[in-house]
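A short write-up of the structure that comes next.
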Amino acid sequence: MRQKLNIYSMPKRLEEPKFWVEHIPFAFYLVSQLKPKIVVELGTHTGNSFFAFCQAAAENNLTSKCYAIDTWLGDKYTGPFEEEMYKNVLHYQQENYPTAVLLRMTFDEGLSHFENGTIDILHIDGLHTYEAVKLDFENWLPKLSDNAVVLFHDTQVRMQDFGIWKYWAEINKQYPSYEFKHGYGLGVLVVGKKAPVEIIEFVKNGNEYSDIFEKQGKEVYKEYRRRRLKADLKRLMAPHKIIAKRLKK
Ligand SMILES: C[S@@+](CC[C@H](N)C(=O)[O-])C[C@H]1O[C@@H](n2cnc3c(N)ncnc32)[C@H](O)[C@@H]1O
């Protein structure tokens, strides 16, 4: 039996870009409380959020099936991706979470892979315009289970034509919800009518707990910075090591 994780556990994977890292403690909490059968992520990029869900499921000894849907081609905000990045995500998944599934396709193509009423956690983090987010939510709504919680990332971002904030302002009135303001904003929407009482209580009293998640999110960000600096330093030192080896010969 593995060591159970909690919100103070550190993520195994922390990659660039940094945008999601401060929400990893909440991802750990949500998975441990909801015990999802199926988790679906729309928009995975290098996998900070996705592998946090996978880690939480594995370290809570859950049999959750986690699916990541992404073209891994990028979009108008991220810019185009190098093929190497997808290979890196795939390699990490195969090595660490062999039961997780990467669906390399558009979100619309992904729909046919899921039965109605089956998804317990849906994370919407694809194209960030109002129209795209609305479409993602409406397309995937029939797929959600009675337990379902939907996460929307970047609810606080108002640059360019980002429109999640606008869609969030509409949708959060229709279901029990809570919005974290840190880490670019994360909307938590409890869509399932039979969601666990702990989750309902959480969104009702989110303000009481948000400090804990924000503080721990900052700790994860510090760890992200530390690992990035270490990797940069290693790269910087690499040529010196080669020279030192040659001099020894
Ligand atoms: C903001 S990034 C995801 C960030 C990620 N969740 C993290 O933890 O860093 C958005 C991703 O959505 C993908 N994407 C955008 N629109 C898409 C669509 N319609 N179908 C499939 N992938 C899409 C992009 O390729 C990109 O990888």
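Phe162 falls short on exactly one of the conditions (1) of a type in the set (A, V, I, L, M, F, W, C); (2) loosely packed, with under 11 Cβ neighbours inside 10 Å; (3) outside any helix (DSSP H, G or I), and that condition is (2). Look through the stretch 31-53, keep the residues that are away from the ligand (no atom under 14 Å from the Cβ) and out of contact with any Leu (no Cβ under 8 Å at 6 or more places or on another chain), and return whichever of them is nearest to Val89 (Cα to Cα). Restricting to residues being away from the ligand (no atom under 14 Å from the Cβ) and out of contact with any Leu (no Cβ under 8 Å at 6 or more places or on another chain), the top hit is Ile38. Within the stretch 165-187, if we keep just the residues that are over 19 Å from Tyr77 (Cα atoms) and touching a residue at least 60 places away in the same chain (Cβ under 8 Å), the residue that is surrounded by the fewest Cβ atoms within 10 Å (Cβ to Cβ) turns out to be His182.
Is at least one residue of the stretch 192-207 modelled with pLDDT of 95 or more and within 15 Å of the ligand (Cβ to nearest atom)? Among the residues of the stretch 192-207, not one is modelled with pLDDT of 95 or more and within 15 Å of the ligand (Cβ to nearest atom), which makes the answer no. Among the numbered conditions (1) under 20 Å from Gly126 (Cα atoms); (2) in contact with a strand residue (DSSP E or B) (Cβ under 7 Å, 6 or more places away or on another chain), the only one that Glu22 does not meet is (2). Checked against (1) of a type in the set (Gly, Ala, Ser); (2) buried (at least 18 other Cβ atoms within 10 Å of the Cβ); (3) out of contact with any Lys or Arg (no Cβ under 8 Å at 6 or more places or on another chain), Ser145 passes all but a single condition, namely (3).
Taken over the stretch 106-126, the criterion of being in contact with a Ser or Thr (Cβ under 8 Å, 6 or more places away or on another chain) and of a type in the set (D, E, K, R) is satisfied by Asp120, Asp125.
Candidates Asn116, Asn88: the one that is assigned to a loop (DSSP other than H, G, I, E, B), modelled with pLDDT of 95 or more and polar (S, T, N, Q) is Asn116. Looking across the stretch 58-85, the residues that are away from the ligand (no atom under 14 Å from the Cβ), in contact (Cβ under 8 Å) with a residue 40 or more places away in the chain and outside any loop (DSSP other than H, G, I, E, B) come down to Ala58, Glu59.
The values are calculated or read from the model by the stated rules, or taken from the named source; none is laboratory data. This one's a predicted model, so the numbers in the text were calculated from it and none came from an experiment. Every residue, glycine as well, gets a Cβ built from its backbone with ideal geometry; the counts of neighbours run over all protein chains shown.
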